[in-house]
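S.K.: Here it is: the structure, laid out below.
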Protein chains: 4
Amino acid sequence: MSWREKVHEVIYEADTKAGKAFDVALLIVIILSLVLVVLDSVDHISIEYHTLFVNLEWIITIFFTIEYILRIISIKKPKSYIFSFYGIVDFLSTVPLYVSLIFASSGALLSLRALRLLRVFRVFKLVRYSGAGSKVSVALKRSLPKIFIFLYSVIIISVIAGTVMYLVEGPKHGFTSIPRGIYWTIVTLTTVGFGDIHPVTPLGQFIATLIMLLGYGVIAVPTGIVTAEMAKENTRTNTQVCYECGENEHRDDAEFCHKCGYSLNKSKKEKKDIEDAN
Amino acid sequence: MSWREKVHEVIYEADTKAGKAFDVALLIVIILSLVLVVLDSVDHISIEYHTLFVNLEWIITIFFTIEYILRIISIKKPKSYIFSFYGIVDFLSTVPLYVSLIFASSGALLSLRALRLLRVFRVFKLVRYSGAGSKVSVALKRSLPKIFIFLYSVIIISVIAGTVMYLVEGPKHGFTSIPRGIYWTIVTLTTVGFGDIHPVTPLGQFIATLIMLLGYGVIAVPTGIVTAEMAKENTRTNTQVCYECGENEHRDDAEFCHKCGYSLNKSKKEKKDIEDAN
Amino acid sequence: MSWREKVHEVIYEADTKAGKAFDVALLIVIILSLVLVVLDSVDHISIEYHTLFVNLEWIITIFFTIEYILRIISIKKPKSYIFSFYGIVDFLSTVPLYVSLIFASSGALLSLRALRLLRVFRVFKLVRYSGAGSKVSVALKRSLPKIFIFLYSVIIISVIAGTVMYLVEGPKHGFTSIPRGIYWTIVTLTTVGFGDIHPVTPLGQFIATLIMLLGYGVIAVPTGIVTAEMAKENTRTNTQVCYECGENEHRDDAEFCHKCGYSLNKSKKEKKDIEDAN
Amino acid sequence: MSWREKVHEVIYEADTKAGKAFDVALLIVIILSLVLVVLDSVDHISIEYHTLFVNLEWIITIFFTIEYILRIISIKKPKSYIFSFYGIVDFLSTVPLYVSLIFASSGALLSLRALRLLRVFRVFKLVRYSGAGSKVSVALKRSLPKIFIFLYSVIIISVIAGTVMYLVEGPKHGFTSIPRGIYWTIVTLTTVGFGDIHPVTPLGQFIATLIMLLGYGVIAVPTGIVTAEMAKENTRTNTQVCYECGENEHRDDAEFCHKCGYSLNKSKKEKKDIEDAN
């Protein structure tokens, strides 16, 4: 095994001890870099610990640079990595500090900060290391088409209700344009209710009441969709596998395969015979 | 096939290539006209692009006019279309600009804008082109009677709680009348909580707490209704009946009875044979 | 049939044509009286239509008085009616205007208004006439014990979180006492979020974030309870009745009564035999 | 039975009459002490009833002291109690008033108050006495891993959205730092919506709209998880197995097998006979 293969095993795989240790170390560095970006945005902390932050920023950037180079070197097809989603994210989370060196004029500090915030894309890396969410995400994926139709209806309702509220309340009471009316409608439908804009006229308040009651019923829909999808997964079938056709999603009380009609009990026996024979 | 039949096929049906293309084009024009109305309500955009908006408005209006005329000509019973829901919507979304020509006095501009906003009814057209939402809407329709009883209870609770809050807090703290108290109660029950009106006295805050906890429990009801209805649809098996053992709860993709292993397709054929024999 | 029995049939029962007509008429009068109370609380409407409101108020009061007297006369045990829940509600919704005659001093107008608002209790009458909500209410009743434990937990969480917020934010930022902290916590946990009080310090905002995420998880519980209860009702069993013991809640695939072990198929046959014999 | 064993039975167990009476008495004292702490935080009540509160505080403290000592004496392994969760809670809820005697300088009153608020931990005691919540808590426990993944995703979304809002809206409109942006995002995602900070720029409001719609879909997930878990528990039949046919999905109240009609009680007896025979 060449050193490239060894590096590949450590960086890209998580089966060996070294691979796992690398993943955990990377996770810690990513979270640390996120905490840095977040804390740096707080004015009084940013001023006090400025030198510390700059140094830590450089250490993390160098770590990410080495990691990025090793990822490119150790993979067989570097291009497929570089232009993959995580390849681009890795590049964008490494580059900002170097760019700030080149364009380091006095006034460029703010734009630099904006670039550094791109570092937040590192969080996408976090997602990569959590395979455990699969069950929930499967239920969500299967719910997606229904949820899109739902969102589509919500948008239509928002456009109509937003226009009506704009006409009824008008610019005097904060509804300065239809987009603002739509914004208010979504704030209301989703039951967020900031209160920055709110109806003042009796008619406006009456319509608002209707929208809220509608939102009350409407909030039930995505919940119902996701719940039904999750409950479906619960009732999903036992682990019997048909020996004849390989079908493995049988009803719990099935005695024969619903696909090929082969006896499931026979399947069990034959499986055992084979296991005993071996 | 006469030209009328051809036009009918293009406009009213979506089976042919031309029919599909027309539907997509219409969808784009409707969304464009909606975007125009929305953007025109934003003051600074409206002033800057005034001429462009007027021109686009005319192009869309002419397009809708031609479409409207073709729809009337190509259908066998024009009256049933004209007085149908979509017939009226189509008419209302075409007419405003023409009306503005006739009543074009200097002060009529504002009322014209109001008329133009009726154009938003075009969004109802969008609904027509989405047949995919049927599953969700079936579950919703079946939930409707329960949801009505629920809304009825919510209104009774709102009237009582609104009156109590009006008595407790009074006009001093924003509860200027019972309708306003009802408005506040619904804002609170639906967990929207704008904060434009809020209880100030300790007793009022205590009652508000009870209303919120009630709303907490109450929000569960429509969700429960819709979810249960959707879950019902999930477990809804197909109607195949095994000819051999009579078992009738088969998986949708079952080809053999899971109880006795008899072929379901054979069951169908035999059933048909018997029916044919009779 | 004496006239008392006739009156009883009209007022207390809804089987005959006259009985139904009376119920509908009563419903309309109750809603009308509610609308009157609500509108009377709006200042400018109250001033403009004062005489009309007073007259309508008297007509409704006389109607309710006659109804109340007829209810007492036509029932066998008047006491059981008078001291029943609806008996008291009927009395309280009839009396206010008469009381205002006796205590009609100049300053008593406000207290009169308060008394008149008791009329809102008439809405409880509305509940009586809606027997359709039984299914939903059955599911709710069965959920009650679980919901009480849930509310109990919410109150404990509120007391602790309210105290912590009172200590962290203090009277400066609106958290003037622990009850106010508890009020804020419930406003937040139930996702109402008025914004009349809100955390200002970073630590307070951090704790608020935790409370909100907790509330996010917690809101799932009552929904889950009610939904599960409603879904249960859906899967609830077929309509087979055991001929032997009368048990009627069997599993859908039951072939023998789970209570007495009697064959359900036999039950069907015997039932049919009896029906055929008749 | 020694007096220690008698005390143990009264304090730690709830089977005997005396044990139940003690539990109820303790519950009342805990709630009373909580009410005292809460009322004492309200300024005008605290001033008026100061002497009463101090006296009641001492009575409760002495009661808790005796209870704490008896708990230690009557148990076999005092250490395991003292360092258990409830042991520490009991200690912390007893000690504050004694500590205030030792450090009773003039300025220490405020810190004393803080110590006294630790008494709120007494509420944890309340939990001990409610064994009824087990069903709900079992469903919640089984939902925990899914809910953690969900919270993890919510935090990632919050960090990204909070940063974007900080960049878009900036310190001018209240988004003074990324942590504040994250706070706002969670306030919005959980549909609380205080309104203390809210987007002002059109772009910010557009992004807020997306976050709200996302939150709308996201709120469905924990609800779905808990509901599915609770529904699962509903369908969870008991563990009776029919001795005759082996069917094992009986209704909880089944006395005979619904498949073969064999007595389940007989099944239990025969099973026991066989076990006894072996």
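S.K.: Mind checking D:201-209 for the average number of partner chain beta-carbons within 10 Å of each residue's beta-carbon?
M.R.: 4
S.K.: Work out the mean other chain Cβ neighbour count within 10 Å for the residues of B:176-187 and drop it here as an integer.
M.R.: Partner-chain Cβ atoms within 10 Å, mean over residues of B:176-187: 6.
S.K.: Using a 1.4 angstrom probe on heavy atoms only, work out the carbon and sulfur share of the accessible area of the range B:134-235 in %.
M.R.: 75 percent
S.K.: Right, next: Per residue of the range C:183-200, what does 6.51 cos²θ - 1.76 cosθ + 1.60 with θ = phi - 60° give for ³J(HN,Hα)? Whole Hz please, x for Gly and Pro, Karplus curve as stated.
M.R.: 4, 4, 4, 5, 4, 7, 4, 7, 6, 6, x, 4, x, 5, 10, 7, x, 10
S.K.: Express the relative contact order of the range D:134-235 as a whole percentage, based on alpha carbon pairs under 8 Å and six or more residues apart in sequence.
M.R.: Over the range D:134-235, the number comes to 32 percent.
S.K.: Still on this structure, please answer the following. Give me the accessible area per residue for the range C:152-223, probe 1.4 Å, as a whole number in Å².
M.R.: That works out to 30 Å² for each residue.
S.K.: Considering only DSSP states other than H, G, I, E and B, which chymotrypsin sites (Phe, Trp or Tyr not before Pro) in the range B:12-100 qualify as loop sites with at most 11 other Cβ atoms within 10 Å?
M.R.: B:PHE83
S.K.: In whole Hz, what ³J(HN,Hα) sequence does the range A:205-218 give by Karplus (6.51, -1.76, 1.60; θ = phi - 60°), x for Gly and Pro?
M.R.: Each residue of the range A:205-218 in turn: 5, 5, 5, 4, 4, 4, 4, 5, 5, 4, x, 4, x, 5 Hz.
S.K.: Using alpha-carbon pairs under 8 Å, 6+ residues apart, how would you state the relative contact order of the range B:163-215 in percent?
M.R.: Relative contact order for the range B:163-215 comes out at 38 percent.
S.K.: Under a Cβ-only charge scheme (Lys and Arg +1, Asp and Glu -1), can you give me the dipole magnitude of the range C:134-235 about the Cα centre, in debye to the nearest 20?
M.R.: 280 debye
S.K.: Applying the Karplus parametrisation 6.51 cos²θ - 1.76 cosθ + 1.60 with θ = phi - 60° to the phi angles of the range C:163-180, what ³J(HN,Hα) value in whole Hz is obtained for each residue in order, glycine and proline being reported as x?
M.R.: Running phi through 6.51 cos²θ - 1.76 cosθ + 1.60 with θ = phi - 60° gives 5, 4, 5, 4, 6, 6, 8, x, x, 4, 9, x, 8, 6, 7, 5, x, 5 Hz.
S.K.: May I pose another question? Between A:TYR86 and the same site in the other copies, what are the distances in nm, shortest first, taking label points 7 Å from Cα along the C-beta direction?
M.R.: For A:TYR86, the other copies' label points sit at 4.8, 4.8, 6.8 nm, shortest first.
S.K.: In nm, what does the list of distances from A:SER46 to its counterparts in the other copies look like, shortest first, when each label sits 7 Å along Cα to Cβ?
M.R.: Copy-to-copy label distances for A:SER46: 3.8, 3.8, 5.4 nm.
S.K.: With unit charges on the beta carbon (Lys/Arg positive, Asp/Glu negative), name the residue among B:PHE148, B:VAL192, B:MET212 whose Cα is farthest towards the positive pole of the charge dipole of the range B:134-235.
M.R.: B:PHE148
S.K.: With a 1.4 Å probe, what is the total accessible area buried between chains A and B, in Å² rounded to the nearest 100?
M.R.: 4500 Å²
S.K.: Taking only C-alpha pairs under 8 Å that are 6+ residues apart, what is the relative contact order of the range B:3-75 in percent?
M.R.: After rounding, I find 35 percent.
S.K.: If you don't mind, there's one more thing I want to ask. Using a label position 7 Å from Cα in the Cα→Cβ direction, what is the ascending list of nm distances from A:LEU70 to the same site in the other copies?
M.R.: Sorted ascending, the copy-to-copy spacings read 6.4, 6.5, 9.1 nm.
The values are calculated or read from the model by the stated rules, or taken from the named source; none is laboratory data. Just so we're clear, the structure is a prediction, and the values are computed from it rather than from any experiment. Glycine also receives a Cβ, built like all others from the backbone with ideal geometry; neighbour counts cover every protein chain displayed. Ligands, DNA and RNA are stripped out before the accessible areas are found, and what is left, the full protein with its side chains, is counted by its heavy atoms. Shrake-Rupley method; radii C 1.70, N 1.55, O 1.52, S 1.80 Å.
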